[in-house]
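Read-outs throughout are calculated quantities, based only on the coordinates presented, and are distinct from any laboratory measurement. As the structure is a prediction and not an experimental result, all values here were calculated from the model. All Cβ positions, even for glycine, are placed from backbone atoms using ideal geometry, and neighbour counts span all protein chains on display.
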Amino acid sequence: MKAMILAAGRGERLRPLTDKLPKPLINVAGKSLVAYHLENLAAAGIDEIVINTAWLAGKIHQQLGDGSNFGVSIQYSDEGVALETAGGIINALSLLGDEPFLVINGDIWCDFDFSALKIQSTLITKSKLQAHLILVNNPEHNQQGDFSLQDKLIKNTGSSMSTFSGIGIYKPEFFAETKSGASPLAPLIREKCEENLVSGQFHAGLWTDVGTIERLQTLEDFLKKNPV
């Protein structure tokens, strides 16, 4: 299974840090956010990685190179101007192949075991399902949640709502009816949920959306006290 790390965004809420540094390269406890992902993917035996870039793309290329320092092989999907989440994935489909692939937001930190998704990839391949999402507890900034998990399927509504972690597996056909160009992912997920084409699971471990300076500092403080 190949993996894609989303790294094209501008990171407006993390300015001024992101004025001169792409968000995935921001350091937390001595290591960049994207480095945590690459190391965890390598440990899970997922070593073919695609990274999309736009804002300060050259710095990502320079720091990560071909991925050999992390035990992986990296290909880049350079967008020039960020195409939003779904648009970025569609732009990279030729690099991701014909099998289900893993997508990870570049601005999250988590202790999720990516090796657990290899089985899910096989299950998706053998079913009508087109995606499998990881949900987490609702953080303070998203108390209403995004989706519910009912009988292993992701639903748009429910009595118990959880937050989409930014980690998911997708079949290429998930994007077949979406035109190339800038487009968000959330509306497409919701559409597929209505068709019962998205399964999911809940991750009760550590997870942070590093979207603001305050959250970044909270994660920094936590990792200094709890090295991983």
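What the table shows:
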{"item": "Separation of alpha-carbon centers, segment 17-94 and segment 118-165, rounded to whole Å", "result": "24"}
{"item": "Rounded, prolate or oblate (a/c below 1.5 giving rounded, otherwise prolate when a/b exceeds b/c) for segment 1-53 by Cα gyration tensor", "result": "oblate"}
{"item": "Dimensionless Rg/Rh of segment 134-228 - Kirkwood Rh, Rg from C-alpha atoms", "result": "1.03"}
{"item": "Cα-based shape type of segment 1-100, given that a ≥ b ≥ c are square roots of the gyration tensor eigenvalues and the cut on a/c is 1.5", "result": "oblate"}
{"item": "Estimated distance in nm for a label pair at SER180 and ILE213, the labels positioned 7 Å out from Cα along Cα-to-Cβ", "result": "4.0"}
{"item": "Paired Rg and Dmax values of the chain, which use every Cα atom, in angstrom", "result": "16.6, 47"}
{"item": "GNM top mover of GLN130, GLN120, GLN143 - the chain, alpha-carbon springs below 10 Å", "result": "GLN143"}
{"item": "Integer Hz, Karplus 6.51/-1.76/1.60 couplings in order for segment 39-50, x for Gly and Pro", "result": "5, 5, 5, 4, 5, 8, x, 9, 10, 9, 10, 10"}
{"item": "Separation between Cα centres of segment 204-228 and segment 97-114, rounded to whole Å", "result": "18"}
{"item": "Computed [θ] at 222 nm, helices only, for the chain once each DSSP H run of length n ≥ 4 contributes -39500 (n - 2.57)", "result": "-7500 deg cm²/dmol"}
{"item": "Residue pairs, from the table LYS23/LYS225; LYS20/LYS179; LYS118/LYS152; LYS2/LYS152, whose Cα atoms sit over 27 Å apart", "result": "LYS20/LYS179"}
{"item": "Vicinal HN-Hα couplings computed from phi for segment 18-32 (Karplus, 6.51 cos²θ - 1.76 cosθ + 1.60; Hz; Gly/Pro x)", "result": "8, 5, 10, 9, x, 3, x, 8, 5, 8, 10, 6, x, 9, 6"}
